[in-house]
Amino acid sequence: MDVVELGPAHTEALLRFFAGLPEGDLTFIEEEVTDPGVVRSWASGTGGGRRFVAVDGDEVAGYVAVRPLPGWSSHVGEVRLVVSPTRRGSGLGRQLARQALVTAVGDGLAKLVVEVVAEQGAALALFTDLGFTGEALLRDHVRDREGTLRDLMVLAHHVDDTWSGMATVGLDEALGQDLS
Ligand SMILES: CC(C)(COP(=O)(O)OP(=O)(O)OC[C@H]1O[C@@H](n2cnc3c(N)ncnc32)[C@H](O)[C@@H]1OP(=O)(O)O)[C@@H](O)C(=O)NCCC(=O)NCCS
């Protein structure tokens, strides 16, 4: 499936994508993705960061964002990733996460972090395989839409430390350079 940079032409499809996510999934996403104003600002490029969508015809099947943190953490990018429930388990999440990593390295970010709600086994497996490791466990940090408290894990990928590890996951090819 094609993964392309998010643009204004994807606005309505992205709105449909987020609106179609089940309530349970929305628990795992911090932003108000069902707010059309928020989604429109991302598609028009005014929301900051880099965003990509997996497109299948007129539909969006997955979304990933890398947003530099503000101020003294501006060298750190935060990753957000979500795949349509009907498309999961076929490698799309991995493809989008790799796109995020390639973009972050290309943009000169030194570190990536991703926040994963503790029960998200697929997300943990996916990011661990890409060289992310656990840096923090925040107990009872997330209150889901039903009011239940859940633990939040912060996984991190240090670009310099994992340079050679990245070569093993094929990012040297994606970046068009030899990282060894
Ligand atoms: C996490 C998420 C993006 C994965 O998307 P996906 O397209 O299913 O991912 P992939 O098909 O690339 O699978 C990647 C790996 O996850 C693991 N995995 C996939 N489905 C799994 C499941 N149901 N249980 C446990 N592990 C699973 C596997 O290790 C898989 O690797 P494999 O292909 O070698 O078997 C998707 O589940 C999602 O959108 N979740 C809600 C949002 C979220 O939690 N985002 C992450 C934090 S920002």
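The values are calculated or read from the model by the stated rules, or taken from the named source; none is laboratory data. Owing to the predicted nature of the structure, the values given are computational and were not obtained by experimental measurement. When we count neighbours, we look across all protein chains shown, and the Cβ atoms used for this are built from the backbone with ideal geometry, even at glycine. When the accessible area is computed, the model is the full protein with side chains, heavy atoms only, and any ligands, DNA or RNA have been set aside. Shrake-Rupley method; radii C 1.70, N 1.55, O 1.52, S 1.80 Å.
Testing the spin-label approximation: label points 7 Å from Cα along Cα→Cβ at Ser41 and Thr148. State their distance in nm.
3.1 nm
In whole Å, what are the Cα extents of the chain along the three principal axes, biggest one first?
44, 39, 35
Compute the distance in nm between two label points, each set 7 Å from the Cα along the Cα-to-Cβ direction, one at Thr86 and one at Leu138.
Result for the modelled spin labels: 3.4 nm.
For the range 2-175, what is the relative contact order in percent, using Cα pairs closer than 8 Å and at least 6 residues apart in sequence? Let's see the in-between values first.
On the way: 279 pairs, mean separation 29.7, N = 174.
Relative contact order of the range 2-175: 17 percent.
What full-extension length gain, to one decimal in nm, is calculated for Ala19 and Thr34 as 0.36 nm per residue of separation minus the Cα-Cα distance?
Values: separation 15, 0.36 × 15 = 5.40 nm, distance 0.58 nm.
Additional length available on full extension: 4.8 nm.
Along the charge dipole of the range 2-62, pointing to its positive end and built from +1/-1 on Cβ of Lys, Arg, Asp and Glu, which listed residue (Leu26, Val39, Ala61) has its Cα farthest out?
Val39
Would you please give the residues with an amide H less than 5 Å from that of Asp56, counting only those at least 5 places away or on a separate chain, with H modeled from the backbone geometry?
Close amide H contacts, sequence-distant or interchain: Ala61.
How long is the gain from Gln120 to Glu12 if the chain were fully straight, where each residue apart is worth 0.36 nm and the alpha carbon distance is subtracted? Please list the in-between numbers first.
Working: separation 108, 0.36 × 108 = 38.88 nm, distance 2.78 nm.
Full extension from Gln120 to Glu12 adds 36.1 nm.
Could you state the accessible area per residue of the range 2-175 in Å², with a 1.4 Å probe and every protein chain left in place? Spell out each step's value before the answer.
Values: 8670 Å² over 174 residues.
Dividing the accessible area of the range 2-175 by its residue count gives 50 Å².
At a 1.4 Å probe radius, carbon and sulfur cover how many percent of the accessible area of the chain?
Working: 4540 of 9170 Å².
Taking all protein chains in place, the chain shows 50 percent carbon and sulfur surface.
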